[in-house]
Amino acid sequence: MSTHIHDEAKRRLDAERTHLVQQLTKLGATADGELRNDVDYGDGFADAAAATAERTETIGLADSIHRMLMDVDAALARLEQGTYGVCAKCGKEIPEARLEFRPESIFCVSCKSVA
């Protein structure tokens, strides 16, 4: 795989990482997906059930974003290790088109469809 593709993947992964961390911050979560204790859900809730529902939704969103962040971090680590673009399951090269579409991919299409 060419150096250009690796450079472009790194640029895109770094940008995605920054975006995901910003989303977590806006939700009141840390980069590890945990909600901060200082998040205030306001006095506008009619009852505790509404506050609990809001918090539950926020936890779900933070967890989803955190999983995406872990995928991006894993791809960045694979770039550093020199294994980026190689399927983690079968060891075959991941097609460039897949990496352009989803640079955090660690599986080729065949292995991903089985997983």
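The values are calculated or read from the model by the stated rules, or taken from the named source; none is laboratory data. What you see is a predicted model, and the numbers here were worked out from it, not measured in a lab. Please note: Cβ atoms are built from the backbone with ideal geometry, for glycine as well, and neighbour counts cover all protein chains shown.
With respect to the conditions (1) under 30 Å from residue 34 (Cβ atoms); (2) over 15 Å from the mean Cα position of the chain (by Cα), residue 91 lacks only one, and its number is (1).
Quickly run through the range 103-115 and pick out the residues that are loosely packed, with under 13 Cβ neighbours inside 10 Å and in a loop (DSSP other than H, G, I, E, B). The one that is loosely packed, with under 13 Cβ neighbours inside 10 Å and in a loop (DSSP other than H, G, I, E, B): 115. How many of the residues in the range 67-115 are touching a residue at least 60 places away in the same chain (Cβ under 8 Å) and over 21 Å from residue 17 (Cα atoms)? Within the range 67-115, residues that are touching a residue at least 60 places away in the same chain (Cβ under 8 Å) and over 21 Å from residue 17 (Cα atoms) number 1.
When we screen 71, 47, 40, 32 for residues that are under 29 Å from residue 7 (Cβ atoms) and either at pLDDT below 90 or of a type in the set (S, T, N, Q) (or both), the only hit is 32.
Note on the range 1-29: among residues that are closer than 30 Å to residue 78 by Cβ and not in a helix (DSSP H, G or I), the one that is modelled with the lowest pLDDT is 1. In the range 52-65, the residues that are surrounded by 12 or more Cβ atoms within 10 Å (Cβ to Cβ) form Cβ pairs under 7 Å with partners that are modelled with pLDDT under 90 and in a helix (DSSP H, G or I), at six or more places apart or across chains, as follows: 58/27; 61/27; 62/27.
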